[in-house]
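Down below is the structure, laid out as structure tokens.
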Amino acid sequence: MNVLAIAAALMTAAVLLRAAVGKVRRPGDLAATMTHLGVPRVVTAPAAAVLISAELATAAALLFRPDAGLTQIAVVTLAAVFAAAGLRAMQLGEQVACNCFGAGSGALGLRQVLLLIPWAAAAAILRFGARAPSVQTGAAFFAAIALGIAALEGIGVIRGMREARDDRRSAEEMYEWLPSY
């Protein structure tokens with residue numbers, strides 16, 4: 001597999017894995033976004049589970065079978081779904097929470113539509129340059145991406161701990177000003 005195809009597979013898999021991890025934490029947020037986009041409420045929970053599963057399965061396929069046509073079709077299909085959500089949000093003319101990587105991921109819109117281009121480019125690169133890696137190589141790719149995602153999540157935890165510490169200190173300073181009865 002050429003270096004460009006490896007990079008395309010790894011980056012695309014990393015984005016999909018990070019997105020799925022973010023959505024798994026609070027799948028209700030994704031369901032709420034789908035409801036806001038007009039998906040019937042009765043369908044949103046199963047549709048959210050299908051989307052998360054599709055992201056996970058496509059990420060795994062990118063690591064172990066980037067050369068498979070089905071893998072490339074899955075990448076383009078997910079990209080088309082994301083772009084359609086962005087178009088629908090633009091059509092609504094209001095802010096629709098993205099929840100692309102979990103809560104707080106911004107709003108849906110033109111960004112998802114424009115990102116269809118690099119998603120399709122990644123699939124095309126894989127189509128013409130990917131070969132099936134060995135199981136060991138695929139496992140090593142998965143481990144590397146998992147460590148990267150864990151590091152990103154760890155950074156978020158550290159930021160949260162600092163914010164909590166700052167909030168606690170602020171409250172402690174305020175307690176000194178309160179009258180004691």
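What to note about this one:
- Residue check: residue 105 meets all listed conditions (1) within 18 Å of residue 78 (Cα to Cα); (2) modelled with pLDDT of 75 or more; (3) not acidic (Asp, Glu) but one, namely (2).
- For region 114-125, the criterion of being touching a Gly at 6+ places or on another chain (Cβ under 9 Å), without any contact (Cβ under 8 Å) to a residue 24 or more places away in the chain and part of a helix (DSSP H, G or I) is met by at least one residue.
- Test result for residue 111, closer than 13 Å to residue 83 by Cα, part of a helix (DSSP H, G or I) and not hydrophobic (A, V, I, L, M, F, W, C): yes
- When we screen 129, 69, 138 for residues that are under 21 Å from residue 2 (Cβ atoms), in contact with a Phe, Trp or Tyr (Cβ under 6 Å, 6 or more places away or on another chain) and touching a residue at least 40 places away in the same chain (Cβ under 8 Å), the only hit is 138.
The values are calculated or read from the model by the stated rules, or taken from the named source; none is laboratory data. Given the structure is predicted, the values throughout are model-derived calculations rather than measurements. Because the Cβ atoms are built from the backbone with ideal geometry, glycine has one as well, and the counts that use them run over all protein chains shown.
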